Amino acid sequence: MAKVTYKSTRGAQTQVAASKAIIQGIAEDGGLFVPSHIPKIDLPLESLINLSYHEMAYYVMKDLLSDFSEDELKTCINCAYNHKFDTPEMVDIVKKGEVHFLELFHGPTLAFKDMALSILPYLMTTSMRKQGITDEVVILTATSGDTGKAALEGFADVNGTRIIVFYPKNGVSSIQEKQMVTQKGENTSVVSIEGNFDDAQSGVKRIFREPSFNEKLNEKGLRLSSANSINIGRLIPQIIYYFYGYAQMVKTGEIKVGETINISVPTGNFGNILAAFYAKQMGLPVHHFICASNDNKVLTDFFATREYNKNRDFKLTISPSMDILISSNLERLVYEVVSGDTLETNKLMQTLEEEGTYTVPEHELLQDFYGYCATEKETMMDIKEFYRDNGYIMDTHTAVGYSCYKKYKQETEDERPVLLASTASPYKFGEAVLSALGEKVGKKDEAQIERLNELSKITIPDGIKRALVDEACHDYHCHKDQMDNMVGKILGIFQ
Ligand SMILES: *Cc1c(COP(=O)(O)O)cnc(C)c1O
């Protein structure tokens, strides 16, 4: 089989090596990089069962990052997945009730974003070395709360990089904001914007596409890149844990090798679930994907009607990391659904930009996806009942994934085991979680954390303790239309 290279979903950029796609982040034509083909994992399923997380990481990524040497890739893996995680194998698989929770929140910032953002800086700096680039890379990131902190943590004080994070001022939890504004590291900047996450993301995408702005940067020896899940360096490491989770289910005797499972993923930008889809293409025995949304149920409607329509009110919910109306990574699925027709993908994305909507043709791939949504009330109720019945506290995002799984099971009567991507620690969304549990502890983060600790009996993670005591050291703020000026100011381009 030929080596994997990367091309744009919109067709106007020639194929590039993985390292180049990682540095660039987004293709020149505004499209997303997709693999030329998705390679089957290079080991029989039975042999995956006893791999450590590090070994699994290597086998999952080696053919996708085909221009990385074995040594380079293993070094990246070892630098990323270490004591920063509070569990020896990076993720835990916890069975409660009938659900296998794939706990992805054991990294430094307590959300699944750490799984990819702890390795991306190493993939990025290795890529630069491989491409002979001596420019400093400026990571621009829009965040609905979790990406920002995970990216800051990942890139802080990494040589040859700077990072600027934009977050919606009123769109993140109190702990999330504290985690970000207390970030250490000479090369880090954090900016709140007046606007929502989509505004932040669109603003970042616009900056990437401003030629004169980028020229000015280049003159200063700077170049932009992205840590959002549009970057394949972010997406690929997310495939690892689906294989690992499956392997653990076999190991503990919950399933037999080759048996199919369902995977439920609380979804926002469609990155995490897309990684699960790639895992299936690589040979993981998955039956259906449950695409779980909150009240911003644009994806639920999409899978029901094949029409994507972002023309609707944006709702702030208790699962803010999923408050998204433009799920960027869906473009990669759309590309598959139109059988790799880049002209067609381009046209659909143009329609999205101009009219806020597009409709895709039928394709059997779509039948693997079941979109459901959970209301705020259902989410809260499930947190409460699940705790009552199983003594386990789900965070608000994970709970959306659980509620949607219940709906799926009720509707389809599919009894297959389910792996639920548990995307954040309940400590990160304490206020909403406690209120779901019927606890009244007031607004203070400290009191909430203490109470959660009593109820869950889970040690308070270091990342939370630090966010509470560290001094805030970032206070930039700007309007959503002024983001480019802000970047210029931070980088010293506009005085
Ligand atoms: C980012 C995030 C999601 C959504 O993941 P996508 O890859 O954007 O679909 C869900 N839950 C949490 C806690 C997150 O941080």
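Overall, the ratio between the Cα radius of gyration of the chain and 2.2 N^0.38 Å, rounded to two decimals, is 0.90. Label zone of D301 (point 7 Å out along Cα→Cβ, amide N under 18 Å): in segment 246-286 this covers 267-270.
Taking amide H as placed 1.01 Å from N in the peptide plane, the amide H of F166 sits under 5 Å from that of T141, A142, T143, V191, each at least 5 places away or on another chain. Based on Cα atoms of segment 1-135, Rg over Rh with Rh as the Kirkwood radius reads 1.00.
Within segment 323-397, all pairs of alpha-carbon atoms sorted by distance into 10 Å bins from zero give the percentages 15, 34, 22, 20, 9, 0.
Across all directions, the average flat footprint of the convex hull enclosing the Cα atoms of segment 324-480 is 13.7 nm². You can think of it this way: the chain between I133 and K440 has 105.1 nm of extra reach, that is 0.36 nm per residue less the Cα-Cα gap. For segment 349-381, the list of chymotrypsin sites (Phe, Trp or Tyr not before Pro) that fall in a loop by DSSP and count at most 16 other C-beta atoms within 10 angstrom is empty. The calculated FRET efficiency for K251 paired with E28, based on their beta-carbon distance and R0 = 35 Å, is about 0.20.
When the Cα atoms of segment 48-94 are aligned to their principal axes, the ranges along those axes come out at 35, 23, 13 Å in descending order. The relative contact order of segment 338-457, computed from alpha carbon pairs under 8 Å that lie at least 6 residues apart in sequence, is 21 percent. For segment 30-75, the alpha carbon positions stretch 41, 23, 14 Å along the principal axes, listed from largest to smallest. Just grab the label-to-label distance for E411 and A447, each label 7 Å out from Cα along the Cβ direction, in nm (one decimal). The two pseudo-label positions are separated by 4.1 nm. Our compactness index for segment 65-121, the C-alpha radius of gyration over the empirical 2.2 N^0.38 Å, is 1.31. Structural descriptor for segment 1-143: relative contact order 21 percent, calculated from alpha carbon pairs under 8 angstrom and at least 6 residues apart.
Helical runs assigned H by DSSP (4 residues or longer) give the chain a calculated mean residue ellipticity at 222 nm of -12500 deg cm²/dmol, each run adding -39500 (n - 2.57) before division by the residue total.
Couplings for segment 227-237, taken from phi via the Karplus curve 6.51 cos²θ - 1.76 cosθ + 1.60 with θ = phi - 60°, read 10, 6, 6, 6, 7, 5, x, 9, 6, 4, x Hz in order; Gly and Pro are left as x. Translational diffusion coefficient of segment 271-362 (Stokes-Einstein, Kirkwood radius from Cα pairs, 20 °C, 1.002 mPa s): 152 µm²/s. With 0.36 nm allotted per residue and the present C-alpha distance subtracted, the T260-E362 stretch has 34.3 nm of extension available.
Contact order for segment 393-461, expressed relative to its length and based on alpha carbon pairs under 8 Å spaced 6+ residues apart, stands at 32 percent.
The amide H of S225, built 1.01 Å from its N in the peptide plane, has V138, I139, L140 as neighbours under 5 Å, considering only residues 5 or more places off or on other chains.
Charging the Cβ of each Asp and Glu at -1 and of each Lys and Arg at +1, and nothing else, the dipole of the chain about its Cα centre rounds to 460 debye. Coupling constants for segment 149-165 follow from the phi torsions by the Karplus curve (6.51 cos²θ - 1.76 cosθ + 1.60, θ = phi - 60°), and in residue order they are 5, 5, 5, 4, 4, x, 8, 3, 6, 7, 4, x, 10, 10, 9, 10, 10 Hz; glycine and proline get x. Of all lysines in the structure, the ones whose alpha carbon falls short of 16 Å from that of K280, not counting any fewer than 8 places away in one chain, are K40. Between the amide H of C373 and those of S293, distances stay under 5 Å, these residues lying 5 or more places away or on another chain, with hydrogens modeled in the peptide plane. Annotation note: trypsin sites (Lys or Arg not before Pro) in segment 436-495 located in DSSP loop regions with a Cβ neighbour count of at most 14 within 10 Å are K440, K443, K444, K457. Ligands, DNA and RNA left out, the accessible area of the chain computed with a 1.4 Å probe is 47% carbon and sulfur. Normalised per residue, the accessible area of segment 158-222 is 41 Å², obtained with a 1.4 Å probe and no contribution from ligands, DNA or RNA. With viscosity set to 1.002 mPa s and temperature to 20 °C, compute the Stokes-Einstein D of segment 165-252, Rh being the Kirkwood radius across alpha carbon pairs; µm²/s, no decimals. For these conditions, the coefficient is 133 µm²/s.
For the pair segment 133-156 / segment 78-128, the C-alpha centres are spaced 17 Å from each other.
When only alpha carbons of segment 105-220 are considered, Rg and Dmax amount to 14.3, 41 Å. Stretching the chain fully between L316 and H37 yields a gain of 96.7 nm (0.36 nm per residue, less the alpha carbon separation).
The values are calculated or read from the model by the stated rules, or taken from the named source; none is laboratory data. Keep in mind it's a predicted model, so treat the numbers as computed, not measured. Cβ atoms come from the backbone with ideal geometry, glycine included; neighbour counts cover every protein chain shown. Areas reflect the complete protein model, heavy atoms only, side chains present, ligands, DNA and RNA absent. Shrake-Rupley method; radii C 1.70, N 1.55, O 1.52, S 1.80 Å.
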